[in-house]
Amino acid sequence: MSSAITDTFTADHHRCDQLLAAAERQLAAGDCPGTGEATAGLAGALEHHFTLEEETLFPELAQVFRVAENPIEVMVGEHAQMRALLADLHEAVAARDQAAALGTLETLHFLIQQHNYKEEGILYPMADGALPARGAAIATRLTED
Ligand SMILES: [Fe+2]
Ligand SMILES: [Fe+2]
């Protein structure tokens, strides 16, 4: 069985984790310009990942595998929560409110961990099984743009 989707999307989760850790380090160090850059990099990487899931991976999976519709709905709802936290983070960083930014980043970190655990354990293996011929093509789009 192909594991292109699980492998590539999981690797991208790890890349986003590293960007999140970098943002946490900059924030904790009180480095304002560095924090702005790091949080923008994190937001961009997460948005690219969420968009590919929502516009390509999830719809294609739902089309061939109806059972996936409910877990997909949960994942998309969590993306919305994470986007709201990224907006809060952006505001806190712009206002140089270090405590608020650190608190928001901590909540985001926790939510991402729970979310990725479910995708890596359930959704991605399901997608690899249901989309054996499409996995590699979808996966290469993660590294594009
Ligand atoms: Fe996701
Ligand atoms: Fe994901």
remark   = Matching residues in region 123-143 (touching a residue at least 12 places away in the same chain (Cβ under 8 Å), of a type in the set (A, V, I, L, M), more than 13 Å from F65 (Cα to Cα) and surrounded by fewer than 19 Cβ atoms within 10 Å (Cβ to Cβ)) number 1
inquiry  = So, restricting to helices (runs of 4 or more DSSP H) that lie completely within region 29-139, which ones have at least 1 residues that are of a type in the set (K, R), at pLDDT 95 or above and within 15 Å of ligand 2 (Cβ to nearest atom)?
reply    = 69-94, 98-118
query = Just for region 91-125: of the residues that are away from ligand 1 (no atom under 16 Å from the Cβ) and among the hydroxyl-bearing types (S, T, Y), which one is nearest to the chain's Cα centre (by Cα)?
reply = T107
Residues of region 3-30 satisfying the condition of being over 21 Å from T107 (Cβ atoms) and without any contact (Cβ under 8 Å) to a residue 40 or more places away in the chain = A11
key: Answer residue from region 27-67, given it is within 21 Å of T6 (Cα to Cα) and of a type in the set (D, E) and is farthest from the chain's Cα centre (by Cα) among those   = E60
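The values are calculated or read from the model by the stated rules, or taken from the named source; none is laboratory data. Not measured: the values here are computed from a predicted model. Positions of Cβ are generated from backbone atoms using ideal geometry, with glycine treated the same way; all protein chains shown enter the neighbour counts.
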